[in-house]
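**Q** The structure that follows is given in the form of structure tokens.
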Amino acid sequence: MRSTTLVPLTISIFLLAALAHLGFFDGQRLARGFRNLGILGSEMIPPDMEILPTAGAALWETVEMSFAGTLLGFLAALPLSIFGTRRLFSLWVAHIARFVAAGIRTIPVLLWAIVFVILFGLGPLAGTFGIAAYTVGYLAKIYADLFEGTDPEILEAVGSTGASRLQLVRFVFLPEGANAILTQLLFMLEYNIRASSILGFVGAGGLGFVMQVYLQTLEYRRLASILLLILVVVLAMDSFSAWVRKRFLLTAQ
Amino acid sequence: MTRNGNQPVAVQANQIWFSYRNHDWVLKNISLSIPPGKHTVIMGPSGSGKTTLLRVLAGITKPGKGHVSVFGQSTYELEPRELSSLVGYIPQQLGLVRNLTALENVLMGSLGRLFHAKTLLGLFPRAESERAREALDMMGIAHKAAEPVFCLSGGERQRVAIARTLLQHPRVVLADEFASDLDLALASEILARIRRAAERENITFIMNMHRIGLARQFGDNVLALSNGAIVPGFIGNEILETEAIEATL
């Protein structure tokens, strides 16, 4: 059998087997789920806007946590990614830096938040550190790979001027990667705003704590208001990202 | 271009052999001696080893066997900063940082002699900035100093790359396939500017080229490569005046 047929066929069989195992073909269960969705939807409408003052304060805390956490993580990720660039440092230095980044990245943001709640107690400080930690692991890996993809001709040409490693970072790696650095940073900020809205589930501050209370007390109209607020913030963040990209990304004219 | 008594030698290569990962030899027993101030053009068909030879002469690639020296100093024993005061290198795609301006790219030529942390903030001594503007002016592109490189045309980028090397102020510049993708008139104008700048700054240029007309205009010497070896009889300046090289290339 030709590979052009075999590969899609294998993928299809695996997908069907996975869906069957996960219960996608249990018609009764699916029908019950859709009925419940209708009930849940009807219990969420109309959203209860009276909680806006409480939710607004929690939302602001969430935005602060994600903004501060992302930038702190970014500041820590840059040097780590530079140490993880094999073109700048010996193989073992790069391996250690990449191993540290991989280790940090392995732990999900929610788990990081729990760790920092244990260290610093309940509240947004723990959430900020949790977001910063996850950001370091993610951005350090992305940036190290980005720096390694820098055009070798530029490195050779600027290297032949006698530039030091730090000067190469400043004048080649950072400006050549500027667009991707900014794009990934914005992506991380968007991701962290979504992620930080559930950190309150483990006591790490922000909207999550309020959401958890409304879920446990079955106050779905109030929960709907929170979800709407998150949607507004995410849309605002999208617009902000688009503006930053348009304003700062370098493109040929 | 052969070694001549006690005359000073800009670039000396002795029995250079080179291969990539122990495959076939790309350079085979290359020996040459280039006097200072004599601009040399390396010619040859694609795959003849021109770029590899240039990289070996620039000290970027170490040969499997043999020895290269520039003004009597072995290129492989020098620290990068020491080497940069002797040798400048312009790769085929020029190696410019596209997101920085023409002036910032030229200023990079001074990095080898600037140790202080101010450069990391993008602050260069006034004297270096003035020299960088002079270098751009010498190449006829001072009015584009503030333009990012990605906005410049091919010819303008070539001028920026040369200006960066002028600011580096090495004694020898090696340029790979320089001006090869420009139209003849523009390439000719740029090469004329380079010759003037080289005479003023006392720099010896070695360039890979594949256009005979430009080689005749620019080169004092020509060296023809074929299959990794110097074509016998095709080393020296007399060949520029003959048509025989055209038949070989």
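The values are calculated or read from the model by the stated rules, or taken from the named source; none is laboratory data. All figures in this text were calculated on a predicted structure; none of them were measured in a lab. Please note: Cβ atoms are built from the backbone with ideal geometry, for glycine as well, and neighbour counts cover all protein chains shown.
**Q** If I go through the range A:167-201 residue by residue, how many of them are more than 14 Å from chain B (Cβ to nearest Cβ) and in contact (Cβ under 8 Å) with a residue 60 or more places away in the chain? Break it down into steps so the answer makes sense when it comes.
**A** Let us first name the residues in the range A:167-201 that are more than 14 Å from chain B (Cβ to nearest Cβ), namely A:184-201.
Filter once more, keeping what is in contact (Cβ under 8 Å) with a residue 60 or more places away in the chain: A:185, A:188-189, A:192-193, A:195-201.
Residues that pass the stated criteria total 12.
**Q** Considering each of A:Ala133, A:Ala126 in turn, give the residue that is farther than 22 Å from A:Ile226 by Cβ, surrounded by 16 or more Cβ atoms within 10 Å (Cβ to Cβ) and of a type in the set (A, V, I, L, M, F, W, C).
**A** A:Ala133
**Q** With respect to A:Gly206, determine if the residue is within 14 Å of A:Ala58 (Cα to Cα) and either touching a strand residue (DSSP E or B) at 6+ places or on another chain (Cβ under 6 Å) or surrounded by 16 or more Cβ atoms within 10 Å (Cβ to Cβ) (or both). Talk me through it step by step, then tell me what you get.
**A** Details: within 14 Å of A:Ala58 (Cα to Cα): yes; either touching a strand residue (DSSP E or B) at 6+ places or on another chain (Cβ under 6 Å) or surrounded by 16 or more Cβ atoms within 10 Å (Cβ to Cβ) (or both): yes.
Against the criterion (within 14 Å of A:Ala58 (Cα to Cα) and either touching a strand residue (DSSP E or B) at 6+ places or on another chain (Cβ under 6 Å) or surrounded by 16 or more Cβ atoms within 10 Å (Cβ to Cβ) (or both)), A:Gly206 qualifies.
**Q** Taking the range B:85-101 as the search range and keeping residues that are of a type in the set (A, V, I, L, M) and within 8 Å of chain A (Cβ to nearest Cβ), which one is farthest from A:Asn179 (Cα to Cα)?
**A** B:Val87
**Q** Only one of (1) in contact with a helix residue (DSSP H, G or I) (Cβ under 9 Å, 6 or more places away or on another chain); (2) at pLDDT 90 or above; (3) at negative phi is not met by B:Gly112, so which one is it?
**A** For B:Gly112, the exception is condition (2).
**Q** Would you check if B:Phe205 is in a loop (DSSP other than H, G, I, E, B), touching a residue at least 40 places away in the same chain (Cβ under 8 Å), buried (at least 18 other Cβ atoms within 10 Å of the Cβ) and out of contact with any Ser or Thr (no Cβ under 6 Å at 6 or more places or on another chain)?
**A** On the way: in a loop (DSSP other than H, G, I, E, B): no; touching a residue at least 40 places away in the same chain (Cβ under 8 Å): yes; buried (at least 18 other Cβ atoms within 10 Å of the Cβ): yes; out of contact with any Ser or Thr (no Cβ under 6 Å at 6 or more places or on another chain): yes.
Answer is no for this residue.
**Q** B:Arg55 - would you say it is part of a helix (DSSP H, G or I) and charged (D, E, K, R)? Before the answer, list the steps.
**A** Numbers: part of a helix (DSSP H, G or I): yes; charged (D, E, K, R): yes.
Considered against the rule, which asks whether it is part of a helix (DSSP H, G or I) and charged (D, E, K, R), B:Arg55 comes out as yes.
**Q** Scan the range A:133-153 residue by residue and report those that are outside any helix (DSSP H, G or I) and either within 18 Å of the chain's Cα centre (by Cα) or facing chain B (nearest Cβ under 9 Å) (or both). Let's see the steps before the verdict.
**A** Just the residues of the range A:133-153 that are outside any helix (DSSP H, G or I), to begin with: A:149-151.
A:Asp151, the sole residue that qualifies.
**Q** Do we have B:Ser46 as in a strand (DSSP E or B), away from chain A (no Cβ under 13 Å) and either out of contact with any Gly (no Cβ under 8 Å at 6 or more places or on another chain) or within 20 Å of B:Ala161 (Cα to Cα) (or both) here?
**A** Numbers: in a strand (DSSP E or B): no; away from chain A (no Cβ under 13 Å): yes; either out of contact with any Gly (no Cβ under 8 Å at 6 or more places or on another chain) or within 20 Å of B:Ala161 (Cα to Cα) (or both): yes.
No.
**Q** Could you tell me whether the range B:102-113 includes any residue that is more than 13 Å from chain A (Cβ to nearest Cβ) and closer than 22 Å to B:Ile206 by Cα? Quick ask: steps written out before the conclusion?
**A** To start, the set of residues in the range B:102-113 that are more than 13 Å from chain A (Cβ to nearest Cβ) comprises B:102.
Cutting the leftovers down to closer than 22 Å to B:Ile206 by Cα gives us none.
No: zero hits.
**Q** Considering each residue of the range B:63-84, count those that are part of a loop (DSSP other than H, G, I, E, B) and within 7 Å of chain A (Cβ to nearest Cβ), and give that number. Break it down stepwise before answering.
**A** Step one: filter the range B:63-84 for residues part of a loop (DSSP other than H, G, I, E, B), giving B:63-64, B:71-72, B:78-79.
Applying the additional criterion that residues be within 7 Å of chain A (Cβ to nearest Cβ) yields none.
Qualifying residue count, the range B:63-84: 0.
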